[in-house]
Amino acid sequence: MVVVTITPEICVDDDLKTRIGGLGVLEGDKFYGAGDLGLEYVVLTLTYSKGYIDLKFRGEEPIAIPQEQNPRIYSSLYSDEPFKILLRNEEVYIKPWNLAYNG
């Protein structure tokens, strides 16, 4: 049996900027816990080359500042073949990255 979860964020490494708060930490705990139990657990999520953003304010104007991804994180991931999908009449480039954990 394989467990598959789809989540907007997951915390698997402090250098991988794919989470904002508690739900991402919970998803990461489930990922590692399942691996420790020997379960097949697949997580589908998004990652961004610029990570999430920090908000700074200039007066009342919010300014989005990207959190740079640490290039080191890519050494622990392996990549699948990139592909494109059509989304709202626009081609979107997808490059899957994989992280495996087996307790």
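The values are calculated or read from the model by the stated rules, or taken from the named source; none is laboratory data. All values derive from a computational prediction rather than experimental measurement. Cβ atoms come from the backbone with ideal geometry, glycine included; neighbour counts cover every protein chain shown.
Data overview
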read-out: Tabulated pairs, the range 51-62, first without any contact (Cβ under 8 Å) to a residue 12 or more places away in the chain, second hydrophobic (A, V, I, L, M, F, W, C), C-beta under 8 angstrom, 6+ apart or interchain; value: L55/I63; L55/A64; L55/I65; K56/I63; K56/I65; F57/I63; P62/L55
read-out: Count of residues meeting criterion [modelled with pLDDT under 85 and touching an Asp or Glu at 6+ places or on another chain (Cβ under 6 Å)] in the range 1-19; value: 2
read-out: Top-ranked residue of the range 40-80 - restricted to ones that are hydrophobic (A, V, I, L, M, F, W, C) and surrounded by 14 or more Cβ atoms within 10 Å (Cβ to Cβ), ranked as nearest to P96 (Cα to Cα); value: L77
read-out: Count of residues meeting criterion [under 20 Å from P66 (Cβ atoms), surrounded by 14 or more Cβ atoms within 10 Å (Cβ to Cβ) and out of contact with any Leu (no Cβ under 7 Å at 6 or more places or on another chain)] in the range 2-14; value: 3
read-out: Boolean, P82 is in contact with a strand residue (DSSP E or B) (Cβ under 6 Å, 6 or more places away or on another chain), modelled with pLDDT of 90 or more and more than 17 Å from R19 (Cα to Cα); value: no
read-out: Qualifying residue in the range 14-26 (condition: closer than 15 Å to A100 by Cβ, of a type outside the set (G, A, S) and part of a strand (DSSP E or B)); value: no
read-out: Single unsatisfied condition, Y32 versus (1) in a helix (DSSP H, G or I); (2) over 20 Å from T7 (Cβ atoms); value: (2)
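Conditions (1) among the β-branched types (V, I, T); (2) more than 15 Å from the chain's Cα centre (by Cα), marked per residue:
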residue	(1), (2)
V2	yes, yes
R19	no, no
G28	no, no
Y52	no, no
R58	no, yes
I65	yes, yes
E68	no, no
E91	no, yes
